[in-house]
1. For region 402-431, name all the residues that are more than 19 Å from PHE341 (Cβ to Cβ) and either part of a helix (DSSP H, G or I) or not β-branched (Val, Ile, Thr) (or both).
2. Got a number for residues in region 170-220 being in contact with a strand residue (DSSP E or B) (Cβ under 8 Å, 6 or more places away or on another chain) and open to solvent by 50 Å² or more (accessible area, probe 1.4 Å)?
3. Looking only at region 119-141, filter to residues that are hydrophobic (A, V, I, L, M, F, W, C) and over 20 Å from ARG451 (Cβ atoms); which one of those is farthest from the chain's Cα centre (by Cα)?
4. Check every one of the strands (runs of 3 or more DSSP E) wholly within region 48-149 and list those with 2 or more residues that are touching a residue at least 24 places away in the same chain (Cβ under 8 Å) and either touching a Gly at 6+ places or on another chain (Cβ under 6 Å) or among the basic types (Lys, Arg) (or both).
5. If you check VAL116, VAL40, which single one turns out to be under 23 Å from the mean Cα position of the chain (by Cα), of a type in the set (Val, Ile, Thr) and either surrounded by 16 or more Cβ atoms within 10 Å (Cβ to Cβ) or over 24 Å from GLY443 (Cα atoms) (or both)?
6. Tell me, yes or no, whether region 284-304 has at least one residue that is among the aliphatic types (A, V, I, L, M), touching a Phe, Trp or Tyr at 6+ places or on another chain (Cβ under 6 Å) and on the phi > 0 side of the Ramachandran plot.
7. Is it true that GLU356 is touching a residue at least 40 places away in the same chain (Cβ under 8 Å), farther than 19 Å from VAL265 by Cβ and more than 23 Å from the chain's Cα centre (by Cα)?
Amino acid sequence: PFGALKTSALKGPREEIVYLPCIYRNTGIDRPDYLATVDVDPKSPHYCQVIHRLPMPNLRDELHHSGWNSCSSCFGDATKSRNRLILPSLISSRVYVVDVGTDSRAPRIHKIVEPVELFWKGNVANPHTSHCLGTGDILISCLGDPSGNGKGGFILLDGESFEVKGNWEKGEKVPSLGYDFWYQPRHNVLMSTEWGAPKVLADGFNPADVERGHYGRCINVWDWSTHTLLQSIDLGKGSIPLEIRFLHDPDAAQGFVGCALSGAVHRFYKTQKGDWAAEKVIQVPNKKVQGWLLPEMPGLITDILISLDDRFLYFSNWLHGDVRQYDISSTRQPKLVGQVFLGGSIATGGPVTVVEDQELQCQPEPFVIKGKRVQGGPQMLQLSLDGKRLYVTTSLYSGWDKQFYPELLKEGSVMLQIDVDTERGGLKVNQNFLVDFGKEPDGPVLAHEIRYPGGDCTSDIWM
């Protein structure tokens, strides 16, 4: 039962190390991306340090998100262990399988799935999100086809050999765009989202491409057992729905999706007649600005997550520069209970002037920690199992980092930690915690998603 699972997860061991993909594409440094292992144990002499780097054998992969070879959906099976990290490359379309079981502090490459395998066996490319399945297979969503056009298809890997088995989806209908996904077998459903066409977003963001229909607007609803597309829930033009999360309770027929460009969070839910619908429950207002790409600046909600007890929702506004915490005890009426600014585009003294702001009285100060001014804005989030520590990194994706935060490429991204009040809500930056990826041996690097060896809030799907 979910209650027992939740209790054991919340009381799980404190994280001691985390893994982060580190990206050199677009930085001007011709080195391969690598997987960094970072020590986050306050009792360790290497606290806040990168203790191991596993370089990939290729250049310009753009490592992005990662997943596990097995997860809680397999945990009734004693033969399964979470000993392989699946690392899809957003740009090269390679998939690296990393052995984290032999030595969790010094991962090594186990297998490489070359792009042609995805191209030939699935006619897909630009792999994004990886989730393990109860069958033992691994499911990876893709952004496009081998020519760089948008295509919301999926690829299946065998969970033992890591061979490409082919497409997961069946039938004629495939969404024109893909991105993230989450599944919920108890409701026979998989939900996927839409970013944009790979050849359009590869090197930056052009607002005109939204008008041309090259960016996403729908949650796509799939039948879990037949793998066919059932419906598309339209969230509006220019919404760009990215990260999607069901509540962790496997009985819950609802969850949330963050829309980057519209600055909205929608709750999606199963209706009484058995199909799915969505309603907007949070809106981050645009700020009217001067000295920026557009006259109005959206928050650009890039990552969202839900605490393991389904009590709090967190998301990052990458452009405005804040991380927010909402109490979702009432899922239809989320209540803002915590907010903290960590950089962003509207800090005082920068090129952007805010001329009209529905939320703030004045522009926030630049964010400085341990003497370092943080470039970029809060982006990827990961929450400790007990919900008390929220980890944040500042790079979105190298092509967009270069456009919106050029200084980030020169100075590298950071990982920060926010202390969370889990009783009343509230966020406070831990001033003693900084992992500065500007000081890496081969030069500043862009660190992205954060994973715990034992599974976490964004990798585990309970069945």
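1. If the condition is that a residue be more than 19 Å from PHE341 (Cβ to Cβ) and either part of a helix (DSSP H, G or I) or not β-branched (Val, Ile, Thr) (or both), then LYS402, GLN403, PRO406, LEU409, LYS410, GLY412, GLU423, ARG424 are the ones that fit.
2. Of the residues in region 170-220, 8 are in contact with a strand residue (DSSP E or B) (Cβ under 8 Å, 6 or more places away or on another chain) and open to solvent by 50 Å² or more (accessible area, probe 1.4 Å).
3. Filtering region 119-141 for residues that are hydrophobic (A, V, I, L, M, F, W, C) and over 20 Å from ARG451 (Cβ atoms), the one farthest from the chain's Cα centre (by Cα) comes out as TRP120.
4. Once the strands (runs of 3 or more DSSP E) in region 48-149 are filtered for at least 2 residues that are touching a residue at least 24 places away in the same chain (Cβ under 8 Å) and either touching a Gly at 6+ places or on another chain (Cβ under 6 Å) or among the basic types (Lys, Arg) (or both), what remains is 84-88, 108-113, 125-132, 138-144.
5. Checking each option against the conditions leaves just VAL40.
6. Yes, because at least one residue in region 284-304 is among the aliphatic types (A, V, I, L, M), touching a Phe, Trp or Tyr at 6+ places or on another chain (Cβ under 6 Å) and on the phi > 0 side of the Ramachandran plot.
7. yes
The rows are residues; the columns are (1) among the aromatic types (Phe, Trp, Tyr); (2) free of Cβ contacts under 8 Å to residues at least 12 places away in the same chain.
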residue	(1), (2)
SER225	no, no
LEU230	no, no
GLY238	no, no
PHE246	yes, no
LEU261	no, no
GLU296	no, yes
ILE304	no, no
SER307	no, no
VAL323	no, no
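The values are calculated or read from the model by the stated rules, or taken from the named source; none is laboratory data. As the structure is a prediction and not an experimental result, all values here were calculated from the model. Backbone-built Cβ (ideal geometry, glycine too); neighbour counts: all protein chains shown. Protein only, heavy atoms only, side chains kept; ligands, DNA and RNA dropped before computing areas. Shrake-Rupley method; radii C 1.70, N 1.55, O 1.52, S 1.80 Å.
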